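J.: Please find one structure pasted underneath; my questions will follow.
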Amino acid sequence: MWSLVDVEVLTGHILVLIKAIDIRSEPAVRLLGELLDTDEYPRGAEQFAHELYSWLRSPYKDLRRYDEIAQVSSSLWKLWHRDGEIGGLMTV
């Protein structure tokens, strides 16, 4: 899906954004969208910003451990995963 994204460039881009502005802000999501949004996942940047912010606010330092305990309401799950695809609206 994001096979053309340079991971080092993306990581650097994200770190600069986090240091400068709220990662959930419209300008940050717009900038991330240039790299993460695709026709298949048009809200990929918004979803990423939400997930990153949620993990950073959590008491977990290990992303795998956080992912094990993270909960998504069934209504959001249905919106995000229609027919096995991520779609619908993302809420913060």
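J.: Could you give the length gained by full extension between D62 and L4, i.e. 0.36 nm per residue of separation minus their alpha carbon distance, to one decimal place?
T.: Full-extension gain reported as 18.2 nm.
J.: Residue by residue through the range 13-21, what is 3J(HN,Hα) from phi via Karplus (6.51 cos²θ - 1.76 cosθ + 1.60, θ = phi - 60°)? Round to whole Hz and write x for glycine and proline.
T.: Calculated HN-Hα couplings, in order: 4, 5, 4, 4, 4, 4, 6, 9, 9 Hz.
Throughout, read-outs are computed from the coordinates displayed, never taken from laboratory work. All values reported here derive from a predicted model rather than from experimental measurement.
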